[in-house]
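This report concerns only the one structure given below.
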Amino acid sequence: MEIFYNQSNYEVIPLNKRTNVRFYTSADPGSYVPPHWHDAVEIVYLQEGELTFTIERHSRTIHPGQCILVNPNVIHTTQCTAPNTAIVFQIPLPFLTSLVPDAHQRFFYLDNRGDDPLTYVQKIDRFTQTLREMQRLNDTRPPLSILQFNSLLYDIIFQLCDRFSVQVFQSSPDQKKHILDRLTPILNYTAQHYSEPISIQEISEIAALNPTYFCRFFKKAMGITFLEYQQELRLSHILQDLITTDESIGLILERHGFTNYKLFCRVFREHFKATPSQIRKQLKKTAAVVLI
């Protein structure tokens, strides 16, 4: 059974009631997730395909056998323009701090931060091996699998805290929480009305901010302007329809509120390095190869 966890965050994470985390095998046919955050450590272990993360404006593409980690309350995006398969593992910070009281003062990572190459390979191999065993239990559900899964869950949290974290002392965690709390109603409102014209005056009132200050606040917090964010949200829905339907591009754009075709083509190409028709053809070709 899954419960939904949402503590002053934008992405609502459905949690397994028996484990207090979210763990699943993701089969992504293609997607784009605009800037978002969650109050959880997120680990993605790619098994097939490729996936691009942009974390606080720094982009990295991972390939099969590679992991990436996103710390709690860090704004990030994901982009998949070809099918991939991955383990997705999200550990809510409140659950983590119930086990490791200083977890909120730790910075987590999965890249090599000073070990000699052999030691690092041994550490990351053990970590990914544990992930794969958790995946096997989660996907096959043999008798007493929940006991085995939870024992591995505690083991991997130990590995994460003991081998893949450093203690940091944030100067103003309350300030960061205040920023994310202020962003939440803005992004919720935009998610509900993304296909409609939203003026700066309108969204500023939702944020209870002066329009000029709102523009500065949003750009500093999200790394992009509000107009750019709304465009990216539309793009995520448009990409999904390109993948899952045979509808005309014009009809899809109209549904999701993109009225300027030239602007759409430019923004789409900037994000996906291809035209909508090329992306649709590429994904259908990949799907056909998989079916064969």
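Filtering segment 219-258 to residues that are within 12 Å of T190 (Cβ to Cβ), more than 19 Å from the chain's Cα centre (by Cα), part of a helix (DSSP H, G or I) and at pLDDT below 95 leaves only L227.
For segment 76-104, a residue qualifies if it is closer than 29 Å to Q282 by Cα and either in a strand (DSSP E or B) or assigned by TED's automatic domain parsing to the domain that holds E232 (or both), and the qualifying residues are H76, T77, T78, Q79, C80, N84, T85, A86, I87, V88, F89. Of the residues examined, I179 is one that is of a type in the set (A, V, I, L, M), modelled with pLDDT under 95, on the phi < 0 side of the Ramachandran plot and assigned to a helix (DSSP H, G or I). Determine if segment 109-128 includes at least one residue that is assigned to a strand (DSSP E or B) and within 15 Å of V41 (Cβ to Cβ). Within segment 109-128 (the criterion being assigned to a strand (DSSP E or B) and within 15 Å of V41 (Cβ to Cβ)), the answer is no, since none of the residues qualifies. Residue-level check: of (1) assigned to a loop (DSSP other than H, G, I, E, B); (2) surrounded by 12 or more Cβ atoms within 10 Å (Cβ to Cβ), P143 misses just (2). Considering only residues of segment 94-119 that are closer than 16 Å to F158 by Cα and free of Cβ contacts under 8 Å to residues at least 24 places away in the same chain, which is surrounded by the fewest Cβ atoms within 10 Å (Cβ to Cβ)? It comes out as P101. For segment 24-75, the tally of residues that are outside any strand (DSSP E or B), loosely packed, with under 15 Cβ neighbours inside 10 Å and at pLDDT 95 or above stands at 3.
Considering segment 5-23, the residues that are in contact with a strand residue (DSSP E or B) (Cβ under 6 Å, 6 or more places away or on another chain), closer than 30 Å to R182 by Cβ and in a loop (DSSP other than H, G, I, E, B) include one that is modelled with the highest pLDDT, namely V21.
The values are calculated or read from the model by the stated rules, or taken from the named source; none is laboratory data. For clarity, every value in this text was computed on a predicted model and none was experimentally measured. Cβ sites come from the backbone with ideal geometry, for glycine too, and all protein chains shown count toward neighbours.
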